[in-house]
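Enquirer: So that we are looking at the same thing, I have put the structure below in structure tokens.
Any read-out appearing in this document is the output of simple, stated calculations on the displayed coordinates, not a laboratory observation. These figures come from a predicted structure and were not determined experimentally. A quick note on method: Cβ atoms are made from the backbone with ideal geometry, for glycine too, and the neighbour counts reach across all protein chains shown.
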Amino acid sequence: MTRWLPATLALAAVLLAPLPCLAACPDAAEGFARLATTDAEIAYRWQPAPLKVGQFFTMDVIACRASGTVETIIVDAQMPAHGHGMNYRPRATQTDPSRFQVSGLMLHMPGRWRLTVDLVQADRRTRLQHDIDLKP
């Protein structure tokens, strides 16, 4: 029994070590969509929905899966066909350990926009992206 004690204690220490506090991903019934890579997954929704040209909106973002604690997020949008982005710089505010609200977003013209969400962690940044076809 004594020879297994060190191994049992080591296993218990690994299993009981603090894990990053990430939220469960809400589903579409709650108005959230998801973006995922092999390294991370987020749930997001914007308000008001649907998006309209030239209208400010906010974005709720939940980091559901990441390889560590998400310290902040950076949200941006570009129009690849036009070579420019938004006219305003959005601001992310952390509302819970893995939840953020992004304000100051506006897509100022119709067309295809590429929305990017960067999850910023101590030593890495994970980018998720989604294309939006904004109608006039």
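Enquirer: Compute and list, largest first, the equivalent-ellipsoid semi-axes of segment 21-134 from the alpha carbon gyration tensor, each √(5λ) rounded to a whole angstrom. List each step's numbers first, then the result.
Expert: On the way: eigenvalues 105, 46, 33 Å².
So the equivalent ellipsoid measures 23, 15, 13 Å along its semi-axes.
Enquirer: Now for a different question. Roughly speaking, what is the stretch gain from T72 to V120, that is 0.36 nm per residue apart minus the C-alpha to C-alpha distance, in nm to one decimal?
Expert: Roughly 16.7 nm would be gained on extension.
Enquirer: Taking the Cβ of R112 as the center, what net charge do the other residues with Cβ under 9 Å away carry, scoring Lys and Arg +1 and Asp and Glu -1?
Expert: Values: positive: R114; negative: D131, D133.
Residues near R112 contribute -1 overall.
Enquirer: Roughly how many nanometres apart are two label points built 7 Å out from the Cα toward the Cβ at F56 and Q129?
Expert: About 2.8 nm, to one decimal.
Enquirer: Separate question: Please rank K52, K135, fewest neighbouring Cβ atoms within 10 Å first, as an exposure proxy. Could you put the intermediate results ahead of the total?
Expert: Details: K52 15, K135 9.
Ranked by crowding around the Cβ, least crowded first: K135, K52.
Enquirer: Let me ask you something else. Determine, for R34, R89, the number of other Cβ atoms within 10 Å of each Cβ, and report the residues in order from fewest to most. Don't jump to the answer; show the numbers that get you there.
Expert: Numbers: R34 17, R89 11.
Fewest-to-most ranking of R34, R89: R89, R34.
Enquirer: How much net charge surrounds T58 when only other residues with a Cβ under 12 Å from its Cβ are counted (Lys, Arg +1; Asp, Glu -1)? Spell out each step's value before the answer.
Expert: Numbers: positive: R45, R91; negative: D60.
Taking every Cβ under 12 Å from that of T58, the sum is +1.
Enquirer: What order do you get for L119, L51, L107 when you list them from fewest to most C-beta neighbours inside 10 Å? Mind dumping the intermediate values first?
Expert: Details: L119 28, L51 17, L107 22.
Result, fewest neighbours first: L51, L107, L119.
Enquirer: In whole Hz and in residue order, list the ³J(HN,Hα) couplings for segment 35-41 that follow from phi through the Karplus curve 6.51 cos²θ - 1.76 cosθ + 1.60, θ = phi - 60°; x for Gly and Pro.
Expert: These are the phi-based 3J(HN,Hα) values: 10, 9, 10, 5, 9, 7, 8 Hz.
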